[in-house]
Structures are given as structure tokens and as C-alpha cells.
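Quick notes on the structure that follows.
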Amino acid sequence: MVDLGNYNELVIAREVDFGVYLTSEDGDILLPGKYVPEGAKVGDKLRVFVYRDSEDRMIATTLEPYATINEFACLTCTDVTPFGAFLDWGLEKDLLVPLNNQKNKMQVGRKYCVYIYLDETSDRVVATSKLGKFLHNEDIRLSEGDEVQLLVAGLTDIGLKVLINGEYMGILYKNEVFQDLRIGDKATGYIKLIRPDNKIDVTLRKPGVNQKEEKDEAADKILRLLKQGSGWLPISDNSSPEDIYQTLGMSKKTFKRAIGGLYKAGQITIEPDSIRLRKG
């Protein structure tokens with residue numbers, strides 16, 4: 001049986017002018033010619049993604065969508081109609097978010113975090129921005145300090161809503177954000193606190209590292225980069241947190257502590273828009 005909305009390995013049954021037909025328990029499925037790998041022939045097995053086209057027929061593609069069924073993804077809205085919105089998910093046909101699946105009315109050009117699933121009524125792959133019932137915050141199998149993968153799902157007054165390991169929703173507070181993160185961005189984080197009400201606080205800082213260790217590690221990294229280069233880096237304590245993180249992978253607070261220590265030790269000079277290795 002074809003796994004609709006997912007990858008399948010299917011055998012080429014026959015060739016036609018406009019592509020090839022792949023055999024399956026649900027009948028032959030068209031793989032349009034533009035997606036047929038060069039040299040493919042009858043009897044070859046292909047890995048394809050299967051979904052329904054605009055005429056409700058199952059169709060195959062060798063394109064890879066940004067996500068498959070039973071996964072979360074942050075996708076850009078391409079069109080809005082009276083019956084729903086459409087999101088770009090990397091395929092020729094956009095992904096439908098029915099009107100009643102929208103937490104807030106979607107707007108063209110904006111990015112939304114959605115859950116992709118197979119609708120049993122229509123037998124079509126659709127998405128929803130109402131994520132609650134697809135999360136597992138009632139049964140959290142994480143511990144404080146665990147390293148996790150984060151996907152920025154939304155913005156709030158207190159920080160960022162983040163999906164944790166594709167299973168839980170958590171909060172990354174504003175004072176914990178030291179890099180430019182937007183909806184759809186991914187980052188490595190750590191579990192800071194699991195609350196009695198099953199809400200999860202996360203941090204981008206590795207736990208167990210005290211301020212002195214963090215400062216010393218940052219100072220070593222800065223010195224190493226200065227020595228590897230021309231003895232100059234185009235950042236200073238006037239640089240934005242985003243620029244500092246992009247250049248060095250550390251927060252502005254940590255950077256300022258590190259260069260302060262290096263300056264006092266006579267190892268660097270600090271200029272308005274850069275730092276330099278002190279000669280001699």
C-alpha cells in the first residue's frame with residue numbers, strides 16, 4: 001500500500017511519452033518525465049515522494065519536500081483563498097492549510113509553523129497551524145540539562161516559542177537570545193527548566209559552565225582567531241549581538257567579558273569597530 005505524503009520505493013512498470021508509471025498495490029502511479037532520472041528503465045526501483053495532484057490523482061515526484069506527514073515545518077504562505085491558504089513546501093503543488101486549520105488567518109509572504117498530516121476524510125496531505133494536539137507536553141521525556149534541537153515556531157512578548165526535538169513546545173526567553181533567530185530558524189539548545197504545569201524553558205547556553213570558564217574559553221577562541229588571521233577582527237564591544245554571534249559563536253556579554261580580560265592582560269587593543277592583537 002502506498003504511503004501517501006511520504007517516500008516510497010516503487011518499480012517502473014512501463015514508459016509513456018510523458019513519463020513512467022510506477023507499480024503499486026493502489027494501482028499505477030505517474031512519475032512525470034521531468035522527474036524521471038536519466039537512464040531509468042522498466043524494472044528499476046525508484047525512491048519517490050507520493051501525494052495527490054490538483055485532480056485528486058496520486059502522483060510521484062523525485063523532488064524532496066521540506067517535510068513529510070507527521071512532521072512540523074515552518075513554511076511560507078504563497079496564496080490565500082476562501083477555503084484555505086497554500087504554503088510552499090518544496091513541491092510543484094503547494095500545501096493546503098484548510099481555513100478551519102488556521103490558528104490565525106494566514107497572510108501571503110509570512111512564514112508559519114505547521115504540522116503536516118494525512119487527512120482521513122479527503123485522503124489528502126494537508127497542514128494545520130493548530131499545533132496543540134500534536135505536541136507531547138503532557139508526557140515530557142526530557143531532563144533538565146539535556147541537549148535538544150530547537151525550531152523557532154513563533155514570537156511572543158516574552159521571547160520565542162520553540163519546538164523541541166519535534167515533540168514539545170517550549171519558551172526561549174528574550175534574555176536568553178543572543179543571536180538573530182526568526183521563525184523557521186533552527187538552533188541547538190538545552191533544557192533549563194521543566195515546570196510543574198509541563199511548560200519548558202530552554203536556553204542556548206550549555207549548562208554546567210561557570211562564568212569564569214566561559215570567559216576563559218571565549219578568550220582562548222578570540223586569541224586563536226586573531227593569530228590565525230592578520231591579528232585583527234572587525235568586531236568590538238560596539239558591535240551588535242548578532243554580528244558577534246555570527247563571527248564568534250558567543251553572546252555579546254561573554255565577548256565583552258573576554259576582551260576585557262584580554263585588554264587588561266595587555267594582549268589586545270580595543271578600537272571603536274575592531275580588536276587587534278597587541279604586538280610585542
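The values are calculated or read from the model by the stated rules, or taken from the named source; none is laboratory data. The model shown is predicted, which means the values in this text are computed figures rather than measured ones. Please note: Cβ atoms are built from the backbone with ideal geometry, for glycine as well, and neighbour counts cover all protein chains shown.
Of all the listed residues (Thr23, Thr76), the sole one being in the same structural domain as Leu91 (by TED's automatic domain parsing), of a type in the set (S, T, N, Q) and either more than 28 Å from Asp185 (Cα to Cα) or surrounded by 14 or more Cβ atoms within 10 Å (Cβ to Cβ) (or both) is Thr76.
Can you find a residue in segment 245-265 that is surrounded by fewer than 11 Cβ atoms within 10 Å (Cβ to Cβ), modelled with pLDDT of 90 or more and in a helix (DSSP H, G or I)? For segment 245-265, residues surrounded by fewer than 11 Cβ atoms within 10 Å (Cβ to Cβ), modelled with pLDDT of 90 or more and in a helix (DSSP H, G or I): present.
The condition of being more than 28 Å from Glu167 (Cβ to Cβ) and touching a residue at least 40 places away in the same chain (Cβ under 8 Å) holds for Lys93. Quick check on segment 135-143. Is at least one of its residues under 28 Å from Ala60 (Cα atoms) and either at pLDDT 95 or above or out of contact with any Gly (no Cβ under 8 Å at 6 or more places or on another chain) (or both)? No, that holds for no residue. The residues of segment 81-134 that are among the β-branched types (Val, Ile, Thr) and modelled with pLDDT under 95 amount to a single one, Thr121. Taking the listed residues Ala153, Ala187, the one that is among the hydrophobic types (A, V, I, L, M, F, W, C), surrounded by fewer than 19 Cβ atoms within 10 Å (Cβ to Cβ) and touching a strand residue (DSSP E or B) at 6+ places or on another chain (Cβ under 7 Å) is Ala187, with no other qualifying.
Has segment 1-10 got any residue that is over 31 Å from the mean Cα position of the chain (by Cα), touching a residue at least 24 places away in the same chain (Cβ under 8 Å) and either more than 20 Å from Arg124 (Cβ to Cβ) or not assigned by TED's automatic domain parsing to the domain that holds Ile116 (or both)?
no
May I ask you to list the residues in segment 99-123 that are touching a Phe, Trp or Tyr at 6+ places or on another chain (Cβ under 7 Å) and not aliphatic (A, V, I, L, M)? Selection gives Cys113, Tyr115. Of all the listed residues (Lys221, Lys199, Lys192, Lys215), the sole one being closer than 30 Å to Ser143 by Cβ, surrounded by 14 or more Cβ atoms within 10 Å (Cβ to Cβ) and over 29 Å from the mean Cα position of the chain (by Cα) is Lys215.
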